[in-house]
Amino acid sequence: MGRMIDGVWVTETQIAADPDGAWRRAPSVLRDWVTRDGTRASDGLPGAIASDVYPAEAGRYHLYGAINCPWAHRTALVRVVMGLEDVIGLSTCAPRLTDQGWVFDAVSGFTDHLCGSAALHELYHRSDPGYSGRATTPVLWDRHREKIVSNESADIVRMLATQFGTFASQDAPDLYPCDLRDEIDALSSEIHDRLNNGVYRAGFAGTQEAYEGATRDVFAMLDALEARLGSVAGRAGHATDTPGPFLHGSSLTETDLRLFPTLARFDVAYHSAFKCNLRRLTDYPHLWGYAKRLYRHDGVAATADFDIYRRGYHSPSAKRNPLGIVPIGPQLDWATP
Ligand SMILES: N[C@@H](CCC(=O)N[C@@H](CS)C(=O)NCC(=O)O)C(=O)O
């Protein structure tokens, strides 16, 4: 692993926990926007944090991700669910972090077929030769200006869900409908803090106390989601009396696509590699059924690779898995309803 300092890659040997033992995710710093017409005022986007805006165009933008990265996964999911595969290109880094961070590897088929980079940090440098910060996936790249538009997955999800409507498939869902926006924002943010990022706080914790706090958060959130999916009461205030099949009722939304990557990795990776082991996803009947339903949604299965998750999260790590031994299970049946 490493980071960029003044445009130069510097290797690091360990992920640092804070002195209190808690692990804190560094905030994303590249947060410009693609908007429908290239203007700042665009429906669906949060306040004007962007210093620059770009117009939505077919063939102009390219996503960089990694199969094992859950943040990249959510952007890949929105891309397929909206039918934007021919509009926004995709290059995938090799599914392992090296001392050069994320790298490409032609031999195993993970190439940057747009810019021909050997490592993702080269793109950060190309975008801004003075960049300082982490070189994370996902990245939304503008081919015209040769710049990174954004390296924040939540923003990329929102842009793809709301600003590319002209180019999306005719039956693309409205992933951020006006009447559910407050509810979507509130639930997505809670899931982010307690679960999406909670598993990392558990896995990278530097003390017993920090680990226990994070793990209890993870399971409190899973318990709440199980109850929500299983009862009408969980959706109080929403104008439907039919539970599910999605978190906000009958239609698929951003929140579902932000949750799925964490559920997909839970039993094969987080349960053992991050010690999130009070329960398994398969112990939650509603959540497990819901996760499998999402998996069967058009295009979703092709974005998931459980074997890569299992091997990636159990790769050698001085702190968590010094011998690099990879568990052989569990074997899960995602395909059967
Ligand atoms: N806030 C970012 C976080 C992305 C992130 O942490 N990605 C991880 C991979 S799962 C990464 O690239 N880590 C490398 C690093 O931190 O140097 C987002 O949601 O887009």
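Report the equivalent ellipsoid semi-axes for segment 216-337 in whole Å, largest first, defined as the square roots of five times the eigenvalues of the gyration tensor built from alpha carbon atoms. Mind showing how you got there, number by number?
Values: eigenvalues 168, 51, 25 Å².
Gyration-tensor ellipsoid for segment 216-337: 29, 16, 11 Å.
Can you tally the net charge around Pro70? Count Lys and Arg as +1, Asp and Glu as -1, for every other residue whose Cβ sits under 11 Å from the Cβ of Pro70.
Values: positive: Arg74, Arg258, Arg265; negative: none.
With Lys, Arg at +1 and Asp, Glu at -1, the neighbours total +3.
Over the Cα atoms of the chain, Rg to Rh with Kirkwood Rh, two decimal places? Could the numbers behind the result be given before it?
Working: Rg = 19.5 Å, Rh = 20.6 Å.
Ratio of gyration radius to Kirkwood radius for the chain: 0.94.
Please identify every one of the chymotrypsin sites (Phe, Trp or Tyr not before Pro) in segment 268-337 that sits in a loop by DSSP and has no more than 10 other beta carbons within 10 Å of its own beta carbon. Display every interim value, and only then the final one.
Details: sites: Tyr270, Phe274, Trp288, Tyr290, Tyr295, Phe306, Tyr309, Tyr313, Trp334; in loops: Phe274, Trp334.
Within segment 268-337, no chymotrypsin sites (Phe, Trp or Tyr not before Pro) qualify (loop, at most 10 other Cβ atoms within 10 Å).
Place a +1 charge on the Cβ of each Lys and Arg in segment 53-166 and a -1 charge on the Cβ of each Asp and Glu, then give the dipole magnitude about the Cα centre in debye, rounded to the nearest 20. Kindly include the intermediate steps, with their values, before the conclusion.
On the way: 10 positive and 12 negative charges, 36 e Å.
With Lys and Arg at +1 and Asp and Glu at -1, about 180 debye.
When the accessible area of segment 2-167 is computed with all protein chains present and a 1.4 Å probe, what percentage of it is carbon and sulfur? Each step should come with its number before you reach the end.
Numbers: 3590 of 6950 Å².
Using a 1.4 Å probe with all protein chains present, segment 2-167 comes out at 52 percent carbon and sulfur.
Rg and Dmax in Å for segment 2-167, alpha carbons only: what are they?
Taking only Cα atoms of segment 2-167, I get Rg and Dmax of 15.7, 49 Å.
Say R0 is 25 Å: what FRET efficiency, to the nearest 0.05, do Glu57 and Gln170 get from their beta-carbon distance?
Working: r = 19 Å, r/R0 = 0.77.
About 0.85, to the nearest 0.05.
With r defined as the distance between the Cβ atoms of Asp333 and Val10 and R0 fixed at 35 Å, what FRET efficiency is calculated, to the nearest 0.05? Don't skip to the end; give the middle numbers.
Values: r = 44 Å, r/R0 = 1.26.
For Asp333 and Val10, the calculated efficiency is 0.20.
Just the number please: accessible area per residue for the chain, 1.4 Å probe, all protein chains included, in Å². Intermediate values should be presented prior to the final figure.
Details: 14790 Å² over 337 residues.
Spelled out: the 1.4 Å probe surface of the chain, per residue, equals 44 Å².
Over what distance in Å are the Cα centres of segment 82-111 and segment 136-198 separated?
19 Å
Ser153: net charge of surrounding residues, Cβ under 14 Å, Lys/Arg +1, Asp/Glu -1, itself excluded? Can you show the working numbers first?
Details: positive: Arg25, Arg31, Arg74, Arg79, Arg134, Arg158, Arg258; negative: Glu152, Asp155, Glu254.
Once all neighbours under 14 Å are counted, the net charge is +4.
Return the Rg/Rh ratio of segment 242-296 with Cα-based radii and a Kirkwood Rh. The partial results should precede the final answer.
On the way: Rg = 11.8 Å, Rh = 11.8 Å.
Expressed as Rg/Rh, it is 1.00.
Using Cα positions and a limit of under 15 Å, work out the aspartates and glutamates in reach of Lys275, with same-chain residues fewer than 8 apart set aside.
By straight Cα distance, Lys275 reaches Glu209, Glu212, Asp217, Asp267.
Longest exposed-loop-site-free stretch of the chain, with trypsin sites (Lys or Arg not before Pro), DSSP loop and at most 14 other Cβ within 10 Å?
Numbers: sites that count: Arg24, Arg25, Arg40, Arg143, Arg145, Lys319.
Within the chain, the longest run free of exposed trypsin sites (Lys or Arg not before Pro) spans 146-318.
Please identify the longest segment of the chain free of exposed GluC sites (Glu not before Pro), where exposed means a DSSP state other than H, G, I, E or B and no more than 12 other Cβ atoms within 10 Å. Write down the numbers at each step before the final one.
On the way: sites that count: Glu12, Glu146.
Longest site-free region, per DSSP loop and neighbour criteria: 147-337.
Any idea what the dipole of the chain comes to, in debye rounded to 20, about its Cα centre with Lys/Arg Cβ at +1 and Asp/Glu Cβ at -1? List each step's numbers first, then the result.
On the way: 34 positive and 42 negative charges, 139 e Å.
Here the chain has a charge dipole of around 660 debye.
The values are calculated or read from the model by the stated rules, or taken from the named source; none is laboratory data. It should be emphasised that the depicted structure is a prediction, and the values quoted were computed from it without experimental measurement. With ideal geometry, Cβ positions are generated from the backbone for all residues, glycine too; neighbour counts draw on all protein chains shown. Heads up: the accessible areas ignore ligands, DNA and RNA and are worked out on the full protein's heavy atoms, side chains in. Shrake-Rupley method; radii C 1.70, N 1.55, O 1.52, S 1.80 Å.
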